[in-house]
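The structure appears right after this line, and notes come after that.
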Amino acid sequence: MTVAEKIAEKMSALPPERQEEVLAFAEFLVGRCAAKGPRQSLEGLWADLDIHITDEDIAAVRREMWQNFPRDIA
């Protein structure tokens, strides 16, 4: 017996309102597993905002962020 057949057997034993709950859950799972389209880059998201972030800007923020991080952890 396949999994689909086992599910159909169990579903037929449920009252209609519970079958609807199972269907809703199955649809949720299908939606969660669906292939997602490509993400838009951040540059594309802010293209019309006239924001220009350079590699040096990113490096400066990283240095600032890590400057107080302890170097010698015992």
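Every read-out reported here was derived from the displayed coordinates using simple, explicitly stated rules and does not represent laboratory data. Not measured: the values here are computed from a predicted model. Don't worry about glycine lacking a Cβ; one is built from the backbone with ideal geometry, like all the others, and counts go over all protein chains shown.
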Practice task
Considering each of Met1, Met65 in turn, give the residue that is outside any helix (DSSP H, G or I), free of Cβ contacts under 8 Å to residues at least 12 places away in the same chain and exposed (fewer than 10 other Cβ atoms within 10 Å of the Cβ).
Solution key: Met1
Handout entry: Filter result (assigned to a helix (DSSP H, G or I), out of contact with any helix residue (DSSP H, G or I) (no Cβ under 9 Å at 6 or more places or on another chain) and among the hydrophobic types (A, V, I, L, M, F, W, C)) within segment 7-44
Key = Ala8, Ala24, Phe25, Phe28, Leu29, Val30, Cys33, Leu42
